[in-house]
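The values are calculated or read from the model by the stated rules, or taken from the named source; none is laboratory data. Bear in mind the structure is a predicted one, so any value in this text is a computation, not a measurement. Because the Cβ atoms are built from the backbone with ideal geometry, glycine has one as well, and the counts that use them run over all protein chains shown.
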Amino acid sequence: MIPDRKGYFGEFGGRFVPETIIPALEELEEAYEEIREDPNFIEEFERLLREYSGRPTPLYYAKRFSQELGGAKVYLKREDLNHTGAHKINNTLGQILLAKKMGKKRIIAETGAGQHGVATATVAAMFGLKCVIYMGEEDIQRQSLNVFRMRLLGAEVRSVTSGSKTLKDATNEAMRDWVTNVMDTYYIIGSVVGPHPYPMMVRNFQSVIGRETKEQIIAVEHRLPDYLVACIGGGSNAAGLFYPFVNDTTVKLIGVEAAGFGLETGKHAAPLNAGSKGVLHGALSYLLQDSDGQIIPAHSISAGLDYPGVGPEHSYLKETNRATYVCITDNEALAAFEHLSLLEGIVPALESAHALAYVEKLAPTLGKEEIIVVNLSGRGDKDVNTVGKVLGVQI
Amino acid sequence: MSRISCTFNELRRNGKKALIPFITGGNPSLEMTKGLIESLAESGCDIIEIGIPYSDPVADGPTLQRAAQRSLANGTNIQDLFDLVADIRGYLDIPIVFLAYYNCIYNYGIKNFAKSASCSGVDGIIVPDLPPEEASFFEEAAWNEGIDTIFLVAPTSTEKRLKLISEHSRGFIYCVSLTGVTGARQSLCSGFEEFMAKVRRFTDKPLCVGFGISTPEMASHVGKIADGIIVGSAIVDMLESSLTSGEGEKESLNKISKFVRSFREELDN
């Protein structure tokens with residue numbers, strides 16, 4: 001069984017956190033094990049996904065995008081059409097139900113692009129729970145729209161000024177808050193990272209993406225796809241898409257990391273491509289570190305991928321060669337961002353644009369009968385300021 | 001018997017409590033760290049805890065985060081701190097404990113870390129983000145080199161975990177006085193006495209209390225219940241404010257020495 005009882009995916013994962021929160025993780029694991037097979041919980045979760053978030057999200061054949069690339073058929077899994085504009089809400093709905101069941105009164109979360117912060121603030125508002133979001137000072141500046149949204153939703157956004165002032169440091173600060181307020185606080189981690197049981201639990205909540213995709217592609221193509229492609233920051237949208245297909249060995253799984261300015265510059269967010277093994281935020285996985293084990297700040301134009309670590313299950317899928325991990329530069333992602341907007345009338349999130357940029361390379365090498373499903377994990381409204389700046393356009 | 005255990009035995013015989021200062025290695029410089037160790041040893045401390053600076057110290061509050069950043073900005077690395085301990089071992093016998101986040105140890109190589117620690121004269125290691133469940137490799141490596149493994153217990157630790165942590169701890173057990181990160185506090189949290197009584201029920205190993213102790217009065221109170229006290233952020237705060245106000249290194253050392261002596265006096269009263 002993956003992960004095992006101690007939260008290990010092969011050699012990756014585990015629970016490397018201060019003793020103060022170990023009992024809270026034990027409590028969380030127990031509560032999660034109780035609800036995961038509970039029909040009442042599943043029914044409530046599915047109802048919220050359907051009625052509140054608008055699932056199932058469509059699987060859309062991107063005809064013009066495919067024709068332009070001149071190869072495989074490209075389908076988009078439209079996670080951008082979820083309430084709040086990204087896949088993140090799948091996980092926050094699951095975890096808020098768990099927090100409620102555990103009787104927690106206060107919700108905290110970290111956020112990079114702000115998508116997880118918005119998704120958390122949203123569900124906290126729906127359930128009337130107090131909510132504090134930690135966000136790096138740099139991300140607050142480049143994602144000001146999402147900061148405003150979180151405040152509208154009643155959340156307190158705390159600016160994190162330590163370290164690199166991005167997602168890594170926001171996560172540190174959220175963990176410090178949890179250590180301090182562990183008795184009444186539930187920490188909604190936004191990706192398949194962190195100590196056990198988070199990587200497993202977040203994957204399971206997100207796996208609705210892959211389950212729907214499987215049904216939908218079989219309904220229209222009467223077969224499984226040849227490739228699944230998804231971007232990887234911490235890796236939750238990829239984990240959610242991949243997981244229901246892991247045993248379908250004819251389906252190739254491709255995760256796309258952010259190469260930033262290029263791997264050779266050292267300014268990237270690609271631990272699976274150019275990192276090494278270590279422990280960050282409670283789990284053993286690949287990460288960016290120097291020769292002394294100090295964490296190296298990541299770089300990506302996309303705030304949601306700007307993270308020096310990756311979920312332990314992805315490290316495992318890489319080690320076992322079940323999935324392949326490639327990377328895409330800032331510039332390549334920007335080009336794909338524009339292409340999809342022009343060809344399909346869909347403005348993708350910069351995160352998702354990394355996956356699309358890889359599809360732009362892959363699809364032309366494949367035959368017309370081959371099928372690629374790419375996870376369009378979020379919509380790009382939040383990124384127009386960033387892109388405008390790069391293009392020299394005053395908004 | 002380890003140097004740490006000998007120290008506690010002697011303290012117990014004399015009816016005294018351990019005074020354990022914490023400083024961040026390389027903050028603000030390696031020379032100053034050396035000066036601090038010498039000064040702390042002369043000022044009545046029993047064990048010295050040295051923090052290996054780390055980029056992402058999730059158990060630390062702002063004071064120790066800044067201290068680690070200063071040290072890293074100066075280029076301090078783990079090898080420097082092993083060398084520094086080896087150097088002072090030529091003339092100082094006081095037990096030395098390293099506090100290292102697990103990634104620093106993992107990256108260095110677990111066995112190599114234990115070996116280097118042992119060769120340089122480090123007596124014990126505290127890893128704030130390594131619970132005993134994850135510590136089997138580390139523990140084996142440390143024990144093979146005669147290094148004490150000092151695990152932490154927290155007010156949230158269940159009885160089952162207190163038992164487990166006691167079984168894995170050598171030298172002493174680090175009792176975290178509160179649910180929170182490191183940093184000087186004005187008072188102990190409520191329920192502290194009950195927490196310590198609960199821990200005592202599960203172990204006869206020395207119990208040292210850290211996190212938040214900032215005044216001799218607090219130390220005196222804790223000393224009546226525990227076998228030792230750990231003072232970190234209060235010392236590092238003093239060092240920081242002394243240096244930023246433009247005082248020389250000698251002046252800072254004198255100030256800290258005086259501060260630490262006031263803890264010694266209260267503990268011995």
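Of all the residues in segment B:227-269, those that are among the small types (Gly, Ala, Ser), surrounded by 15 or more Cβ atoms within 10 Å (Cβ to Cβ) and over 18 Å from residue B:48 (Cβ atoms) number 1. Of all residues in segment A:246-271, which are surrounded by 24 or more Cβ atoms within 10 Å (Cβ to Cβ) and not small (Gly, Ala, Ser)? Listed by number, the residues that qualify are A:256, A:257, A:268, A:271.
Could you please give the count of residues in segment A:259-280 that are out of contact with any Lys or Arg (no Cβ under 8 Å at 6 or more places or on another chain) and within 14 Å of chain B (Cβ to nearest Cβ)?
Number of matching residues: 6.
For segment B:9-19, the count of residues that are part of a loop (DSSP other than H, G, I, E, B) and in contact (Cβ under 8 Å) with a residue 40 or more places away in the chain is at least one.
Confirm whether residue B:161 is in contact with a strand residue (DSSP E or B) (Cβ under 9 Å, 6 or more places away or on another chain) and within 10 Å of chain A (Cβ to nearest Cβ). In short, yes. Of the helices (runs of 4 or more DSSP H) lying entirely inside segment B:20-94, those containing at least 3 residues that are at pLDDT 95 or above, more than 18 Å from the chain's Cα centre (by Cα) and surrounded by fewer than 18 Cβ atoms within 10 Å (Cβ to Cβ) span B:78-88.
The conditions of being under 25 Å from residue A:242 (Cα atoms) and among the hydrophobic types (A, V, I, L, M, F, W, C) are met by residue A:93.
Residue check: is residue A:83 over 20 Å from residue A:373 (Cα atoms) and touching a Ser or Thr at 6+ places or on another chain (Cβ under 7 Å)? Yes, satisfied. The residues of segment B:196-222 that are within 23 Å of residue B:37 (Cβ to Cβ), touching a strand residue (DSSP E or B) at 6+ places or on another chain (Cβ under 6 Å) and of a type outside the set (A, V, I, L, M, F, W, C) amount to a single one, B:210. Each residue in segment A:88-126 was checked for being out of contact with any Ser or Thr (no Cβ under 7 Å at 6 or more places or on another chain) and charged (D, E, K, R), and 4 pass.
Restricting A:353, A:333, A:349 to those that are away from chain B (no Cβ under 14 Å), touching a strand residue (DSSP E or B) at 6+ places or on another chain (Cβ under 6 Å), farther than 30 Å from residue B:60 by Cα and surrounded by 24 or more Cβ atoms within 10 Å (Cβ to Cβ) reduces the list to A:349. Scanning segment A:203-253 for residues that are without any contact (Cβ under 8 Å) to a residue 40 or more places away in the chain, under 19 Å from the mean Cα position of the chain (by Cα) and outside any loop (DSSP other than H, G, I, E, B) yields A:210, A:211, A:244, A:245.
Please verify whether residue A:286 is out of contact with any strand residue (DSSP E or B) (no Cβ under 8 Å at 6 or more places or on another chain) and aromatic (Phe, Trp, Tyr), treating the condition exactly as stated. No; evaluated as a whole, the condition is false for this residue.
The set of residues from segment B:147-158 being crowded, with 19+ Cβ neighbours inside 10 Å and facing chain A (nearest Cβ under 10 Å) comprises B:151, B:152, B:153, B:154, B:155, B:156, B:157. Within segment A:365-390, the set of residues being surrounded by 24 or more Cβ atoms within 10 Å (Cβ to Cβ), in contact with a Ser or Thr (Cβ under 8 Å, 6 or more places away or on another chain) and assigned to a helix (DSSP H, G or I) comprises just one member, A:383. Of the helices (runs of 4 or more DSSP H) lying entirely inside segment A:108-202, those containing at least 1 residues that are within 13 Å of another protein chain (Cβ to nearest Cβ) and crowded, with 24+ Cβ neighbours inside 10 Å span A:167-180.
Scan segment B:113-146 residue by residue and report those that are within 12 Å of chain A (Cβ to nearest Cβ) and of a type outside the set (A, V, I, L, M). Within segment B:113-146, B:113, B:128, B:129, B:131, B:132, B:133, B:134, B:136, B:137, B:138 qualify. If only residues of segment A:8-52 that are touching a Ser or Thr at 6+ places or on another chain (Cβ under 8 Å) and either over 20 Å from residue A:181 (Cα atoms) or more than 10 Å from chain B (Cβ to nearest Cβ) (or both) are counted, the one that is surrounded by the most Cβ atoms within 10 Å (Cβ to Cβ) is A:13. Given the conditions (1) out of contact with any Cys (no Cβ under 9 Å at 6 or more places or on another chain); (2) within 14 Å of another protein chain (Cβ to nearest Cβ); (3) among the aliphatic types (A, V, I, L, M), which single one is not true for residue B:184? Here residue B:184 meets the rest and fails (2). Scanning segment A:280-305 for residues that are among the hydrophobic types (A, V, I, L, M, F, W, C) and out of contact with any Gly (no Cβ under 6 Å at 6 or more places or on another chain) yields A:295, A:296, A:298, A:301. Annotation: residue A:4 fulfils all but one of (1) of a type outside the set (Gly, Ala, Ser); (2) touching a residue at least 12 places away in the same chain (Cβ under 8 Å); (3) more than 27 Å from residue B:178 (Cβ to Cβ); (4) out of contact with any Pro (no Cβ under 8 Å at 6 or more places or on another chain); the unmet one is (2).
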